[in-house]
């Protein structure tokens, strides 16, 4: 007589989902205690806070990404390529949408996948707030294919200006002055300076005109004011036109139209103003959402009234004691993954579960090679400490190394670090294709 092996299905291979799959695969999958399945619509993973570097070419996701199927083989879980589209909580099944190739031919029909425990880690997408023209004319940085699309258009514009005899400039308008918009602005100036070494000497950084547009009174609204002010000074020194208290009413093929009728012309436009969980969550029965489409959970990160469904990451709506929601940040997803890495095995064993508590470790913003700044101990702490320069840069890099350790382990992370250092000798400093 064979006993039933419980199946844990994780939907979404972002920072939190992939870290959890690695933990559960190593703890349960390799030992035959449970079947761990990771579902994602992409074949590879890139750490989302680095997507702005993919967009500029500073990072090559073909070299720096994690291939799910290869990672699954090493860490004791299964990978299923598919796009989550529905959930039947009563039947304990999820539905994966039909999949087609680039020529429209059917690769796989709609399929059902059963689970004993389900983890929703579907992340978040940029919120365009229904602004007319944004979907049609703007780039987004939610996924690495979107970042690569921005990168290819950026290279085309660099080439156009290099080959032009006129004194043209490349105008880029970025809506949303959170971490993504701020870091992308600085990184764009950095890669523009690198071009002269790769045969595009006419496209210099002084031909780059960036408008960073923020509807609120200051940039980096979620971070301490001192940090935001320092970042604003650095951006202004680079030449970024920081436009605060500027609300966008419409996007057109020529640029943005502000609420007071002013036109901001742009050759390239990127929208990075706010995030929300995916809209398809609204159509799933049996789950309750907050205003940001996040799935509301209890103290153990279980979906309200659905004890077999857990939620983590940017799509998780966790209401704290002070009445605020846990922010959609990488450190929150990491902490949630660690908790579920302990709670799910405990749940299967019928043991008590630990409650989640968010610990704000602080904030770091990387302005490419120009500066890194941040606050330690968190802006929720009265004793937060402002840092910048080399120490802040080292801590910023360590965040990515911590993510690598969570998904690869210490040995492989050290090996990856050595490999990266060796590759720098032979690969260009930016991706040129």
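The values are calculated or read from the model by the stated rules, or taken from the named source; none is laboratory data. Please read these numbers as outputs of a predicted model, since none were measured by experiment. Neighbour counts are summed over all protein chains in view; Cβ atoms, including those assigned to glycine, are modelled from backbone coordinates with ideal geometry.
Below are the figures for this structure:
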read-out: Boolean, residue 212 is touching a helix residue (DSSP H, G or I) at 6+ places or on another chain (Cβ under 6 Å) and surrounded by fewer than 22 Cβ atoms within 10 Å (Cβ to Cβ); value: no
read-out: Scope the range 159-178; condition assigned to a helix (DSSP H, G or I) and either closer than 16 Å to residue 244 by Cβ or not assigned by TED's automatic domain parsing to the domain that holds residue 255 (or both); matching residues; value: none
read-out: Residue in the range 124-138 that is modelled with pLDDT of 95 or more, touching a helix residue (DSSP H, G or I) at 6+ places or on another chain (Cβ under 6 Å), in a loop (DSSP other than H, G, I, E, B) and closer than 30 Å to residue 266 by Cα present; value: no
read-out: Condition met for residue 117 (touching a strand residue (DSSP E or B) at 6+ places or on another chain (Cβ under 9 Å) and surrounded by fewer than 14 Cβ atoms within 10 Å (Cβ to Cβ)); value: no
read-out: Residue tally, condition free of Cβ contacts under 8 Å to residues at least 12 places away in the same chain and touching a strand residue (DSSP E or B) at 6+ places or on another chain (Cβ under 9 Å), over the range 120-145; value: 1
read-out: Among residues of the range 263-282, those that are over 26 Å from residue 314 (Cβ atoms) and in contact (Cβ under 8 Å) with a residue 12 or more places away in the chain, counted; value: 4
read-out: Residues located in the range 359-383, provided they are touching a helix residue (DSSP H, G or I) at 6+ places or on another chain (Cβ under 6 Å), closer than 25 Å to residue 322 by Cα and at pLDDT 75 or above; value: 361, 364
read-out: Condition met for residue 61 (under 18 Å from the mean Cα position of the chain (by Cα), in contact (Cβ under 8 Å) with a residue 60 or more places away in the chain and not assigned by TED's automatic domain parsing to the domain that holds residue 268); value: yes
read-out: Count of residues meeting criterion [more than 24 Å from the chain's Cα centre (by Cα), within 16 Å of residue 367 (Cβ to Cβ) and part of a loop (DSSP other than H, G, I, E, B)] in the range 208-263; value: 1
read-out: Output for the range 278-289, where each listed residue is in contact with a strand residue (DSSP E or B) (Cβ under 7 Å, 6 or more places away or on another chain) and not in a strand (DSSP E or B); value: 278, 280, 281, 282, 284, 286, 287, 288
read-out: Residues of the range 306-336 classified as touching a helix residue (DSSP H, G or I) at 6+ places or on another chain (Cβ under 6 Å), more than 20 Å from residue 115 (Cα to Cα) and outside any helix (DSSP H, G or I), total; value: 2
